[in-house]
Amino acid sequence: MKKNLIVFMPSIEKGGVEKNLFIVSNYLSKKYNGISVISISKKFKRKFCKSIDFITLSSNFWDNCGRRFKFLLSIFLLIKEILKNRNIVVFSFQANIYTIFVCKLFSIKNIIRCNSSPTGWSKNFFKMILYKYYLKKADKVMVNSLEFKKELKKKFNLVSSCIYNPLNIKEIKQKSKLKSKIYFKNRKVLKILNIGRCTEQKDQLTFLKALKHIEQTISFEAIILGEGPLRKNLEEFILLNGLKKKVSFKNFQENPYPIIKESDLFILSSKYEGLPNVLLESIVLKKFIISSSCPTGPKEILLNGKGGLLFEVANPKHLSKKILYYFNNKKKCSSFVNKSFLELKRFDYKTNLEKYFKLVNKFM
């Protein structure tokens, strides 16, 4: 008898991990009858197919609580489901250590998806020991880049499977053509875009410092598309450094593709990643990319610098030099975009979704 599949994602926010969660869950719902999603983020229920049983708490109050608290509440919901039916497989997109512990306790098969490089979560010695012990207890560990796979092997001696993010090129192109307001005010200057939550990981401060270095050299307009805990700090930096006329913030957009299409240059300033969707989406729309050479993903997507420019992590001077290089060599840089676009076949939508299905089906 086929098992029921539970997709576990306690805190759904606004990012690339969530995009993959929606895509993969909805695809798997076409393959299996009994599929559920456990999450405290009730407001995202509409993102899932109606055939998916969305398991959450009755009150919307919990939507606003902290991520750690959501983890604990979701674990309570998971245990509740396990006690009702042991014939399940758990596919975790988040809170992996919690999930592994519970699944092992009840002898439930579990698959975990690691979303971002260990660089971001393995600095603490205690955490390092904890992850090294528990990650090996999972029945299957999957990652979204080959560099990520190598990191897990090196740091934790852990064998994992790599499945690239499914990239829906047709949908991105269609959505980029939808009518939207004009985001950049001045079309005659270099239009620079950065997208990401305002957190330490995304390191938009390095991005802003680089813009400060070049403000007297070239004419530009920059937009940061994102929200998060550090946004006020970043806005203060803009104000104190006289960048208000050149740099602005926009809130998260359900459809970011028109603004990507409108830009000239996309910059990713992260300290670490997994496989950043926003780089893939920018390549689909033929935008030139400058990215930090952070672990993991950007180097792989940008063909180690042949498909876009790379700069040292948290080095604003190095980033500013790359921006100036692009500004002064736009024709030469167009070949970078073509190379990265041709290699998008690695992220084929149907191929990678089918890989997800085959991986999950081994445990069903």
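Only protein heavy atoms count here; under a 1.4 Å probe, H213 has an accessible surface of about 90 Å². Sequence-ordered 3J(HN,Hα) estimates for the stretch 106-120 from the Karplus curve with 6.51, -1.76 and 1.60 and θ = phi - 60° stand at 9, 6, 9, 5, 9, 10, 10, 10, 7, 9, 9, 3, x, 3, x Hz, glycine and proline given as x. The trypsin sites (Lys or Arg not before Pro) of the stretch 43-148 meeting both criteria, a DSSP state outside H, G, I, E and B (loop) and at most 15 other C-beta atoms within 10 angstrom of the site's C-beta, are K50, R86, K123. Backbone amide hydrogens, once placed in the peptide plane, bring C162 within less than 5 Å of V143, excluding anything fewer than 5 places away on its chain.
Per residue, the convex hull spanned by the Cα atoms of the stretch 156-200 amounts to 177 cubic angstrom. Rg/Rh, computed from the Cα trace of the stretch 116-167 with Rh as the Kirkwood radius, has the value 0.97.
Based on alpha-carbon atoms only, what is the radius of gyration of the stretch 1-57 relative to the globular estimate 2.2 N^0.38 Å? Provide the component values of the computation, followed by the final result.
Working: Rg = 10.7 Å, N = 57, 2.2 N^0.38 = 10.2 Å.
It is 1.05.
For the stretch 147-160, backbone phi angles converted through the Karplus equation (6.51, -1.76, 1.60; θ = phi - 60°) give residue-by-residue couplings of 4, 4, 4, 5, 4, 5, 5, 5, 7, 10, 6, 10, 8, 10 Hz, Gly and Pro being listed as x. Both radii were evaluated on the Cα set of the chain; the Rg over Rh quotient, with Rh as the Kirkwood radius, amounts to 0.98. Using 30 Å as the Cα-Cα cut-off, could you pick out the over-long pairs in K177/K339; K45/K109; K43/K155; K123/K173? In this structure, K43/K155; K123/K173 lie more than 30 Å apart at Cα.
Here the spin labels are modelled as points 7 Å beyond Cα on the Cα-Cβ line, and at K339 and L130 they lie 4.2 nm apart. Using the Karplus relation 6.51 cos²θ - 1.76 cosθ + 1.60 with θ = phi - 60°, the per-residue 3J(HN,Hα) values for the stretch 42-48 come to 4, 5, 9, 3, 5, 6, 9 Hz, with x marking Gly and Pro. The angle between the Cα long axis of helix 349-361 and the longest principal axis of the Cα atoms of the chain comes to about 30 degrees, rounded to the nearest 10. Reported to the nearest whole Å, the Cα centre-to-centre distance from the stretch 114-151 to the stretch 291-322 is 23.
Could you work out the mean projected area of the convex hull around the alpha carbons of the stretch 286-353, in square nanometres to one decimal? Computed as one quarter of the Cα hull surface, the answer is 4.9 nm². Pairs of Cα atoms nearer than 8 Å and 6+ residues apart set the relative contact order; for the chain it is 16 percent. Less than 5 angstrom separates the built amide H of L57 from none of the residues sequence-distant by 5 or more or on a different chain.
Close amide H pairs (under 5 Å, H built 1.01 Å from N) link L268 with I290, S291, S292, residues at least 5 positions away or on another chain.
Counting other C-beta atoms within 10 Å, and keeping those with at most 10, which DSSP coil trypsin sites (Lys or Arg not before Pro) do you find in the stretch 290-364?
Filter output for the stretch 290-364: empty list.
Of the trypsin sites (Lys or Arg not before Pro) found in the stretch 152-225, the ones in coil according to DSSP and having at most 11 other Cβ atoms within 10 Å of their Cβ are K177, K179, K181, K185, R187, K188.
The values are calculated or read from the model by the stated rules, or taken from the named source; none is laboratory data. Computed from a predicted model, the values in this text were never measured in an experiment. For neighbour counting, all protein chains shown are included, and Cβ atoms are generated from backbone atoms with ideal geometry for every residue, glycine included. The area values use the complete protein model at the heavy-atom level, side chains included, leaving out ligands, DNA and RNA. Shrake-Rupley method; radii C 1.70, N 1.55, O 1.52, S 1.80 Å.
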